[in-house]
1. Filter the stretch 157-171 for residues that are among the charged types (D, E, K, R) and within 30 Å of M48 (Cα to Cα); which is surrounded by the fewest Cβ atoms within 10 Å (Cβ to Cβ)?
2. Any chance the stretch 77-86 includes a residue that's modelled with pLDDT of 95 or more, within 19 Å of the chain's Cα centre (by Cα), surrounded by 17 or more Cβ atoms within 10 Å (Cβ to Cβ) and part of a helix (DSSP H, G or I)?
3. Six or more apart or on different chains, Cβ under 9 Å: which pairs go from a residue in the stretch 148-167 that's on the phi > 0 side of the Ramachandran plot to one that's surrounded by fewer than 20 Cβ atoms within 10 Å (Cβ to Cβ) and hydrophobic (A, V, I, L, M, F, W, C)? Could you list them?
4. What's the number of the only condition in (1) under 30 Å from D101 (Cβ atoms); (2) more than 16 Å from the chain's Cα centre (by Cα); (3) acidic (D, E) that D147 fails to meet?
5. Quick one: how many residues across the stretch 87-126 are within 23 Å of R163 (Cβ to Cβ) and either in a loop (DSSP other than H, G, I, E, B) or among the aromatic types (F, W, Y) (or both)?
6. Filter the stretch 1-30 down to residues that are surrounded by 10 or more Cβ atoms within 10 Å (Cβ to Cβ), under 21 Å from I59 (Cα atoms) and at pLDDT below 90, then give me how many there are.
7. List the residue pairs whose Cβ atoms are under 8 Å apart, where the first residue sits in the stretch 118-132 and is of a type in the set (S, T, N, Q), the second is modelled with pLDDT under 90, and the two are 6 or more positions apart or on different chains.
8. Filter the stretch 172-213 down to residues that are surrounded by fewer than 17 Cβ atoms within 10 Å (Cβ to Cβ) and among the small types (G, A, S) and give me whichever is farthest from L118 (Cα to Cα).
Amino acid sequence: IISKQKPGITQVAFISSKELRQGRPPKPAPYDYKNKTYGPWAVFFDPMEQRFDENSKLITVDGLPGIGKNKFCKELAEELEMIHYPPMTFDSMYIDNQGFDYRTLNPKIPEDAQYFDLNDYFRNPKGTNSTAIQVHMFMMRYLTYIDALAHIFNTGQGVVLDRSPWTDLVFAKAMRACGHISPLGFDYYWSCYDNCLHRLLRPHVSIYLDAPVEMAM
């Protein structure tokens, strides 16, 4: 609540550049969360808070396709000594550790059981699997967001994300407006969106790269 006597007071959260962070004392080593569990002893003795500083933030970047978001995210992460998490792709879902691509099975199985991806949507936007494709896009952005939060909490290093689950709804609404997904399909998408995000921590900073449509992919 802002006081009537001081209406100009606002909350300020700082993020410092790499140049301003030189000469600082070293922080505790990151917790090896990918190979170790965070047990009860770690709760008491792991110096988690000492790894945090003003750059222990989550930044999301959005904008039209093909305007250089990936390059911007990499450069921003480097300047702020953060890490860039690129978007998850359907390849990570459908290609196993031995290199087998399950999408090669599509000609042999029914359409509603196929391993679909964005190429299927571009070929047939009103196809049977359009709703499922967008739900999977949301799921991949959600899982990447969870990984980013885990990285911040365990290492103290900030993360820059190319897109986030929070803005995925824009695509679903556009698909519904164009008739690419049915009302029932949109209701299913909305149930996934609403149930997943209501307890999720929001990003510290959201950046939108505004550009003319002519520059988009």
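The values are calculated or read from the model by the stated rules, or taken from the named source; none is laboratory data. No experiment lies behind these values; they were computed from the predicted model shown. In this analysis, Cβ positions are derived from the backbone assuming ideal geometry, glycine residues included, and neighbour counts consider all displayed protein chains.
1. Going through the qualifying residues, I end up with D162.
2. There is at least one residue in the stretch 77-86 that is modelled with pLDDT of 95 or more, within 19 Å of the chain's Cα centre (by Cα), surrounded by 17 or more Cβ atoms within 10 Å (Cβ to Cβ) and part of a helix (DSSP H, G or I).
3. From the stretch 148-167, the pairs are G156/M48; G156/F52.
4. (2)
5. Of the residues in that region, 11 qualify.
6. So the count comes out to 6.
7. T128/E111; T128/D112; N129/E111; N129/D112; N129/Q114
8. So the residue we want is S206.
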